[in-house]
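One structure is given below, encoded as structure tokens.
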Amino acid sequence: MKVWRSLSALTCLIVFCPSFSLAQDSQLAATAAPADLSKWDLICFCTTSVNTPHFAVRADTNGQILYYAQSGATKAQIQQAIGKPLLTSQLVLLQDWRLLRRSGEVYTTSIPVLGPEKIGQLREQMRNLASNIAPAIRPDVEQIASDLEHRNLSDHLYSVLFSYVLDGLTWDELKADKAIPELQITASHPFWAPIQAVPMESPY
């Protein structure tokens, strides 16, 4: 069970990373990510019947606003960094979609942003973890593969294993460790809708 718990953590990390091959990691770490989150991959887990926040990030210069507000900045500082005036409607839209928060005169990006340096660190951690747990979980994986083969479902091995680990083991562990927000729907918290930004596979 301890090994499967480690695999659950590994799978969770993979979900939040861009689709870079391991051979690209060193190159990724040295890549200058675009100073505009609209040009990054946006990974979103949302409960909404209307839309996802992607359109808000990609409208006008909103992606740049979110990039420069990561550590907190005033409207004047963001305008200076972008080189263009900011409209109040832009800031209001980003706050309405919970992508930006305001404290006094300071605006701060409220979504996780995983740049090349952070992704490189995660990749290294995953490589080390995978090399340790792969031999230990091989018998269990082979057993699942054998069971699926007997049912003529061998083509579904990846989806079954991935879903079992991610949708089952991972969520059970995260909830047990209280590592994820409370998912109970309440009047004050009607949706659970985090979004994060990671570099695109081919940043430009």
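The values are calculated or read from the model by the stated rules, or taken from the named source; none is laboratory data. Since we're looking at a predicted model, the values are computed, not measured. Cβ atoms come from the backbone with ideal geometry, glycine included; neighbour counts cover every protein chain shown.
Does residue 134 satisfy the criteria of being surrounded by 14 or more Cβ atoms within 10 Å (Cβ to Cβ), small (Gly, Ala, Ser) and either at pLDDT 90 or above or part of a helix (DSSP H, G or I) (or both)? The answer is no for residue 134. Restricting 88, 108 to those that are touching a strand residue (DSSP E or B) at 6+ places or on another chain (Cβ under 6 Å) and without any contact (Cβ under 8 Å) to a residue 60 or more places away in the chain reduces the list to 108. Evaluated against (1) in a helix (DSSP H, G or I); (2) surrounded by 13 or more Cβ atoms within 10 Å (Cβ to Cβ); (3) at pLDDT below 75, residue 26 falls short on exactly one condition, (2).
Restrict the check to the stretch 125-144 and report whether at least one residue is outside the structural domain of residue 42 (by TED's automatic domain parsing), under 27 Å from residue 54 (Cβ atoms) and within 20 Å of the chain's Cα centre (by Cα). Yes, the conditions are met somewhere in the stretch 125-144.
So, residue 107, is that one at pLDDT 85 or above, assigned to a helix (DSSP H, G or I) and not aliphatic (A, V, I, L, M) or not? When the stated conditions are applied, residue 107 does not pass them.
On the basis of being assigned to a helix (DSSP H, G or I) and either surrounded by 10 or more Cβ atoms within 10 Å (Cβ to Cβ) or hydroxyl-bearing (Ser, Thr, Tyr) (or both), does residue 188 make the cut? Against the criterion (assigned to a helix (DSSP H, G or I) and either surrounded by 10 or more Cβ atoms within 10 Å (Cβ to Cβ) or hydroxyl-bearing (Ser, Thr, Tyr) (or both)), residue 188 does not qualify.
For residue 140, the conditions (1) among the acidic types (Asp, Glu); (2) over 22 Å from residue 112 (Cα atoms); (3) free of Cβ contacts under 8 Å to residues at least 40 places away in the same chain all hold with the exception of (3). Residue 102 passes every criterion in (1) free of Cβ contacts under 8 Å to residues at least 24 places away in the same chain; (2) more than 22 Å from residue 53 (Cα to Cα) apart from (2).
Per the listing 196, 143, 184, the residue uniquely at pLDDT 80 or above and either touching a Pro at 6+ places or on another chain (Cβ under 7 Å) or not aromatic (Phe, Trp, Tyr) (or both) is 143. Once the stretch 64-100 is narrowed to residues that are under 27 Å from the mean Cα position of the chain (by Cα) and β-branched (Val, Ile, Thr), the residue that is farthest from residue 35 (Cα to Cα) is 92. Scan (1) within 25 Å of residue 51 (Cβ to Cβ); (2) touching a residue at least 40 places away in the same chain (Cβ under 8 Å); (3) in contact with a helix residue (DSSP H, G or I) (Cβ under 8 Å, 6 or more places away or on another chain) for the single condition residue 117 breaks and write down its number. Going through the list (1) within 25 Å of residue 51 (Cβ to Cβ); (2) touching a residue at least 40 places away in the same chain (Cβ under 8 Å); (3) in contact with a helix residue (DSSP H, G or I) (Cβ under 8 Å, 6 or more places away or on another chain), residue 117 breaks only (1). Among (1) within 26 Å of residue 180 (Cα to Cα); (2) of a type outside the set (D, E, K, R); (3) touching a residue at least 12 places away in the same chain (Cβ under 8 Å), which single condition is residue 158 missing? Condition (3) is where residue 158 drops out.
Comparison of 95, 121, 77 shows that the only residue that is modelled with pLDDT under 90 and part of a helix (DSSP H, G or I) is 121.
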